[in-house]
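The values are calculated or read from the model by the stated rules, or taken from the named source; none is laboratory data. Not measured: the values here are computed from a predicted model. So basically every Cβ, Gly included, is an ideal-geometry build from the backbone, and we count neighbours across all protein chains shown. Ligands, DNA and RNA are excluded from the accessible area calculation, which covers all protein heavy atoms including side chains. Shrake-Rupley method; radii C 1.70, N 1.55, O 1.52, S 1.80 Å.
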Amino acid sequence: MKKKVLGSKKREFLLFMERILVVLLAVSMSIVFMNSFLTINSSYGTSYRYIISPLEQDMSFEDKEIFRILARGNMEQIARYVVIQSQLETDGKYDAKKKIDISSFANRSQTMVEEQPTAQFYLDDLIKWGNYGFTYNTVIGTWDELNQLFAKNEAVYTRETIPGVKEYDHSGEADALSLGLVQGENDQYAMEVLVSRYKTVDGKELMECAESVEEYEQLKENLVLTAKSLFSNYTEYTKMQEEYSNGKTNMGFCFQIQTDEGLAYYTNSKESYAGMSADNITAGIKEKGGRFLYFNPDKLQINTNMEITAAQMRTILKPYEYLFGDNTRVWFWIDTNYPIQDDFYTVRESFTHSLPLLWTLMLVSLAAFTGSILIMFYLTRKEGRVLNEEGELEWRIQTQDRIFLGLWLLFTLIPQYLLLRISWELYVGYRAGTINYSWLPVVAGMIAFLINEWGIRLYFSLVRRIKAKALWRTTLLRKIWVESRNLAIKTYDNGGLVSRTWIPYLIFLMVNLIMVLLGFGGVVGAFLLDMLIGVYLYRDARSREEIINGIEMIKDGKVKYRIDTTHLHGENLKLANSVNTIGSGIHKAVETSMKDEKLKTDLITNVSHDIKTPLTSIITYVDLLKREQIGDEKVRGYLEVLDNKSQRLKQLIDDLVEASKISSGNIHLQFETINFVELVRQALGEFSEKFEDRQLQVVTRLQLEHALIEADSSQLWRVLENLFQNIAKYAMKGTRVYVEMEESFEGNKRQVVFSAKNISDSFLEVQAEELTERFIRGDKSRQTEGSGLGLSIAKNLIEAQDGEFEVQVDGDLFKVIISFPVLIEK
């Protein structure tokens, strides 16, 4: 049994090993991450960031994506290098005395529709001018005076025809680089005149090359633009010479360009390609081996063993269409032996050394991850298992697990989030190249240790709570819910009608309004709150339904049924307790009534038995005496009275016992199909003589030939016998007796109704309802024979057979109505 419980020393050792494996995993993965990014910074300022994939280990360097990126990047830079060469060189060498037309250069990428004023300067002068900057002098005069400085043939100009003209601002100086005029006072204008640091190739000032203010402003703008652009290009030119000159790169190039003087060739090869055909140049480059490319922009034809398309080459040359026009041809080639230590050489060496290290570190990471998972799985199975005092296993939480789960999450997840945020910033910074720390693996190991330390404490606390089934019980939310619920229930149970209805309703409306005003999150919260209220109302409705069902059960005779009040509150609790109390009261009353009825029945049975025994002896001896030949009339009269009274007493005892059996349900009925009409006719036939003796005329109105009912024939006969016996005894002599039978319909209920009515011989001093009670007779003087049980027995027998028995009295008119459901004939 003890083997199933993890010892503390073993647990601490496994946790120590798990921490070591997590740190090892973080360190190895950070080294993998650092070596998975390759940053290439070329000397001309272009930077590449490439992700190394271990799956590329079996690929040649020339088939990798990084090679294609490097090749295209160098092609773009070489294309620009050739453009700058065309601007600065003559016959492959830098030409300081090269003449530059400033208007043509400034508008080289645009089509000049109109002829513009221009001037030519030496290349070296323009580069130096762009380096040293520009100075201006202000000339003030009228519009005509300023134009006379330039015009050889006077022309008329307006302010609107001169772009950039603006009002003179006395509060500040005019913009030195503005190409417009500044208006002064009294129609005076201030014009910024460029100080001529250098003169044109003809030895002229810039103002001498213009014939108007407008032309001068255009020349001044073109000069500034050209000088700045050439100085910038010259700076790039010196850097690119170090990058792409012969012996500086493993990538060769040759550009054939159509110029005004003919075909010009720009290449970094020692070989001269002037005068050679394109096919011969291509064949010679192929012989070099390695990777090559030939591109004809005129026909968008490409011949290459590199993964680059004609459309991509077109994109590379497109920014310089003003130079790469018709008859342009382009060749590139790369020496794949990489004898020169350039970008290609550096990247290939990085791949060669990084890929084997990546595989090793990934295997180490996988082993550390697997070991950590196995340890955590084992500890998870054993966590929380302890032996109780009886030596049995049970799940138990620890002291720290009694801290609310919400606080655990708060104090655990916030530090973990901050550490993860730091890790993410380091990741982004390293990937962007802004962070290149060699101690990044150490930082990763420390962060992983702290995250793991907080994480496993929270994890094992959750495991113990779940296994001990105490997760919900130890949450702050449950504590708040239970306390709020208890407070609300206490207020609801002890409050009045207003506090139980309007106050909760107003609070509900207020909370909904506040949450809706909070925006989308508040709307979601209000929806969840409304759902909870709906659940509460549903449960309250179910409680009321249970109470109604309880009332129905008690109404149907199940007086022992009790409503469960465990989860009821407020009015429902009070109502349920009241229903249970009523049920208990009814149950006690029924039990008392049944007990009294049983005692009464037992009393009647016992007394009847005790009386019946001597009565039987009396009847027997009276019968023996009557058989004797007694001559004395007076004695025979006494015997006759004694016989009648004993027989009457015997009948009374029999009726009393029978009534007791019927009321207590001890009578056994045998139901069968009976023709009620035929049974009534037989009964009338039996009593016809008695009716004649009483001079009673029977009027029968049997509207049915036959009426089938389901009843006990012997008991139903007894009822008719008892009924006709009463008529023969108590009906007034010489009157009529009406016996009727008909069929009635009440909704879907079809019944056969039998009635018998007669005029009573004596005055009826009781109500009709009382005549069906025991020992009640219409003749309160009791001068006639009878026990007062006949109608009571008849009513109980009819109702026991699912029929209806009703007595009606109207003065001396006595009427009995018996109803039975008609049995449908099949």
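Here Arg49, Arg11 are screened, and the one residue that is at pLDDT below 75 and among the basic types (Lys, Arg) is Arg49. Scanning the range 282-305 for residues that are buried (at least 18 other Cβ atoms within 10 Å of the Cβ) and basic (Lys, Arg) turns up just one, Arg291.
Let's see how each residue does on (1) under 30 Å from Arg544 (Cβ atoms); (2) at pLDDT below 65; (3) assigned to a helix (DSSP H, G or I):
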site: Lys588; (1), (2), (3): yes, no, yes
site: Ser608; (1), (2), (3): no, yes, yes
site: Thr620; (1), (2), (3): no, no, yes
site: Gln629; (1), (2), (3): no, no, no
site: Lys634; (1), (2), (3): no, no, yes
site: Asp655; (1), (2), (3): no, yes, yes
site: Lys661; (1), (2), (3): no, yes, yes
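The test for being within 34 Å of the chain's Cα centre (by Cα), of a type outside the set (Ser, Thr, Tyr) and exposed (fewer than 13 other Cβ atoms within 10 Å of the Cβ) does not hold for Leu379.
In the range 218-247, the residues that are within 15 Å of Asp124 (Cβ to Cβ) reach residues that are of a type outside the set (Asp, Glu) and surrounded by fewer than 16 Cβ atoms within 10 Å (Cβ to Cβ) with C-beta atoms within less than 9 angstrom, at least six apart or across chains, in these pairs: Ala227/Asn131; Phe231/Asn131; Tyr234/Tyr94; Tyr234/Asn131; Tyr237/Tyr94.
For the range 390-398, the criterion of a residue being at pLDDT below 80, more than 36 Å from the chain's Cα centre (by Cα), over 30 Å from Ser86 (Cα atoms) and surrounded by 13 or more Cβ atoms within 10 Å (Cβ to Cβ) is satisfied by no position. Filtered by the rule that a residue be over 14 Å from Lys815 (Cα atoms), outside any loop (DSSP other than H, G, I, E, B) and not basic (Lys, Arg), the range 729-745 gives Glu742, Glu743, Ser744, Phe745. If only residues of the range 308-341 that are in contact (Cβ under 8 Å) with a residue 40 or more places away in the chain, closer than 20 Å to Thr249 by Cα and not β-branched (Val, Ile, Thr) are counted, the one that is most open to solvent (accessible area, probe 1.4 Å) is Asn337. Of all residues assigned to the range 668-686, none qualifies as being at pLDDT below 85, surrounded by 12 or more Cβ atoms within 10 Å (Cβ to Cβ) and in a strand (DSSP E or B).
Evaluated against (1) in contact (Cβ under 8 Å) with a residue 40 or more places away in the chain; (2) open to solvent by 40 Å² or more (accessible area, probe 1.4 Å), Leu358 falls short on exactly one condition, (2).
Among the criteria (1) free of Cβ contacts under 8 Å to residues at least 12 places away in the same chain; (2) open to solvent by less than 90 Å² (accessible area, probe 1.4 Å); (3) within 33 Å of the chain's Cα centre (by Cα), the one Trp408 does not fulfil is (1). Restricting the range 363-376 to residues that are surrounded by 14 or more Cβ atoms within 10 Å (Cβ to Cβ) and out of contact with any Leu (no Cβ under 6 Å at 6 or more places or on another chain), the residue that is farthest from Leu25 (Cα to Cα) is Met376.
Of the residues making up the range 741-753, just one is more than 16 Å from Asp802 (Cβ to Cβ) and surrounded by 17 or more Cβ atoms within 10 Å (Cβ to Cβ), namely Met741.
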